[in-house]
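The values are calculated or read from the model by the stated rules, or taken from the named source; none is laboratory data. Since the structure is predicted, the reported quantities are computational estimates derived from the model, not experimental observations. Every residue, glycine among them, receives a Cβ derived from its backbone with ideal geometry; neighbour counts consider all protein chains shown.
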Amino acid sequence: MDKQALSAHTKPKGPIGYNTQYSDGSYYGDGHSQYSGGYSQPGEGFADNSGDFHATWLVPSNAPTGMARVPVVTQDGSIEVTFRIVAASGTCT
């Protein structure tokens, strides 16, 4: 499993939501995937007193290969970031 990280900046103590969506459309709340990270967990989706937010999670070992997308929403707007999942025998380029 590999670690992913997300850093964002918004208003002090502002809300932040994110949800990793994998290449096959699966995500933590889809009703059949057993993912335990990569999304805003209850009570943790807020920036600190300086407006900084940091989160890390482990990409599940059963996550499908391909591009994963992470929509991020704050009170200032939204953005989508991506990362690529490769097979354990593969390499990143």
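Looking across the stretch 1-24, the residues that are among the small types (Gly, Ala, Ser) and either buried (at least 18 other Cβ atoms within 10 Å of the Cβ) or in contact with a Pro (Cβ under 9 Å, 6 or more places away or on another chain) (or both) come down to Ala8, Gly17, Ser23. Among residues of the stretch 38-55 being within 16 Å of Tyr28 (Cα to Cα) and among the polar types (S, T, N, Q), the one that is modelled with the lowest pLDDT is Gln41. The set of residues from the stretch 66-84 being over 11 Å from Ala8 (Cβ atoms) and either among the aromatic types (Phe, Trp, Tyr) or touching a Phe, Trp or Tyr at 6+ places or on another chain (Cβ under 9 Å) (or both) comprises Gly66, Met67, Ala68, Arg69, Pro71, Phe83. Contact annotation: no residue pair with Cβ atoms under 6 Å, 6 or more positions apart or on different chains, pairs a residue in the stretch 2-29 that is over 17 Å from Glu44 (Cβ atoms) and part of a loop (DSSP other than H, G, I, E, B) with a partner that is of a type in the set (Lys, Arg) and modelled with pLDDT of 95 or more.
Of the strands (runs of 3 or more DSSP E) lying entirely inside the stretch 44-89, those containing at least 3 residues that are β-branched (Val, Ile, Thr) and surrounded by 12 or more Cβ atoms within 10 Å (Cβ to Cβ) are 66-74, 77-85. The residue pairs whose first member lies in the stretch 36-60 and is within 13 Å of Thr74 (Cα to Cα) and free of Cβ contacts under 8 Å to residues at least 40 places away in the same chain, whose second member is acidic (Asp, Glu) and loosely packed, with under 12 Cβ neighbours inside 10 Å, and whose beta carbons are closer than 8 Å, counting only pairs six or more residues apart or on different chains, do not exist in this structure.
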